[in-house]
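Have a look at the structure below before the remarks.
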Amino acid sequence: MYDVFGSIKSLLKIDSVSIDNNIFRLHYKATMFCMVAFSILVTQKQYFGDPIDCIVDKVPSGLMDTYCWIHSTFTIPAYMNAKVGEKVPHPGIANDGGDHEVKYHKYYQWVTLVLYFQAMCFYIPRYLWKMWEGGKVKMLVMSLNSPIIDEDSKEDCKGMLVNYCSTNMHNHSVYAYKFFLCELLNFVNVIGQIYFTDRFLGYEFTTYGTRVLSMSEDDPENRSDPMNEVFPKVTKCSFHKYGSSGTVETHDGLCVLPLNIFNEKIYIFLWFWFVFVAVISGLGLVYRIATFFQPFRQILLRTRCRLASQGDIEAVARKCHIGDWFLLYQLAKNMDPLIYREFITELSQKLQGKGHIN
């Protein structure tokens, strides 16, 4: 198992300088890691065997497997709840005679590629923000994230940072708005992924989780398992060929889909995970809207810099537009708390004209 996931463990690597937040990392780290891991896992034959095995008379098994893998298989929803072993051999498998709706399962061979594509979609906002951010926070922090630093170097770096922030006050709005746009893209993406997955699974995904939960409360003898409906383990496949007399013969085969044992677990996890990430991202947008109000920004800056005096924080917060506050908040997450306190104090004096920074 380590051989399978060893190549993607770097996705969880913690960055030395933080340029986003925990909600952002839910998208491009946690979600992306899960989806890439699932994409890799469903390709491992040592755990699941062949992705499809079909049995049919008078047709070579290898040919039937390839044909049904390419052209999809089907079940009959009307027989999904029929008594197995009496009316049907497997749920949804019967000789319908053309009287019942046939449901084709066309997603099966594309699960790996779709999961990987979705993982890439979750990384796009991170890619955009990293490109737009351009290493600004890392350059400004310099070596001030370490509690052990030469005093002369600390004063030089801190002085340059104070001068930069005071000189470029009110020039960081575009910087902040780009990050806010990426946060919005994260929310739009996760909502879009829910509906994309629903379309991919034949419009079964949006209600999949709730149906599984409601099924768990039903009588085990009479309940209908939605996992079998969306991810059947045995399906039918029809193969047509010419007979010895030149007439067209139809051969119906049964196909075992072993990967659906895992696919059903993947997508029930993704249903709950997408809902969780969407809710958290929505709350994150509410929080972001609140940061447009100066009193709330001052409270947040205070929580990030508890060591500084209330007066210094208020003096800085009053001078800051939202872009300036956002940059100071980013710096607070990366600088040593004691050095950040000194920085806020000196920046406050600089903005009020009470001090001089060499």
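Any read-out appearing in this document is the output of simple, stated calculations on the displayed coordinates, not a laboratory observation. This is a predicted model, so every value here is computed, not measured. So basically every Cβ, Gly included, is an ideal-geometry build from the backbone, and we count neighbours across all protein chains shown.
In this structure, the amide hydrogen of residue 88, modeled 1.01 Å from its nitrogen in the peptide plane, lies closer than 5 angstrom to those of 83, counting only residues at least 5 positions away or on a different chain.
Computed from the Cβ-Cβ distance with R0 of 45 Å, the FRET efficiency linking residue 199 to residue 170 stands at 0.50.
Ranked by how many other Cβ atoms sit within 10 Å of their own Cβ, fewest first, the residues 90, 71 fall in the order 71, 90. Which part of region 11-34 falls in the paramagnetic zone of residue 188, meaning amide N under 19 Å from the point 7 Å along Cα-to-beta-carbon? So the set is 24-25, 27-28. Here the label points at residue 150 and residue 72, each 7 Å from Cα along the C-beta direction, are separated by 6.8 nm in the simple model. A simple rule links phi to the HN-Hα coupling: the Karplus curve 6.51 cos²θ - 1.76 cosθ + 1.60 with θ = phi - 60°, which for region 144-150 gives 7, 8, 9, x, 10, 8, 4 Hz, with x for Gly and Pro. Each Cα pair under 8 Å and six or more residues apart adds its sequence gap; the mean of these over the residue count of region 302-351 is a relative contact order of 59 percent. Using only side-chain charges placed at the Cβ, +1 for Lys and Arg and -1 for Asp and Glu, the dipole size of region 66-202 relative to its Cα centre rounds to 280 debye. Each of 195, 242, 175 was scored by other Cβ atoms within 10 Å of its Cβ. Listed from fewest to most, they are 242, 195, 175. Along region 293-308 the Karplus relation, 6.51 cos²θ - 1.76 cosθ + 1.60 evaluated at θ = phi - 60°, assigns HN-Hα couplings of 9, 4, x, 5, 4, 5, 4, 5, 5, 5, 5, 7, 9, 5, 7, 7 Hz to successive residues, with x for each Gly and Pro. For the chain, take the longest principal axis of its alpha carbons; what is the angle in degrees between that and the long axis of helix 310-319, to the nearest 10 within 0 to 90? So the helix axis and the longest Cα principal axis differ by about 80 degrees.
Database remark: amide H of residue 257 closer than 5 angstrom to the amide H of 234, 235 (H placed geometrically; neighbours at sequence offset of 5 or more, or on other chains; Pro and chain starts carry no H). Applying the Karplus relation 6.51 cos²θ - 1.76 cosθ + 1.60 with θ = phi - 60° to region 341-348 yields 3J(HN,Hα) values of 4, 4, 4, 5, 4, 5, 5, 4 Hz, where x marks Gly and Pro. In plain terms, the residue of 199, 211 with the fewest other Cβ atoms within 10 Å comes first and the most crowded comes last, giving 199, 211.
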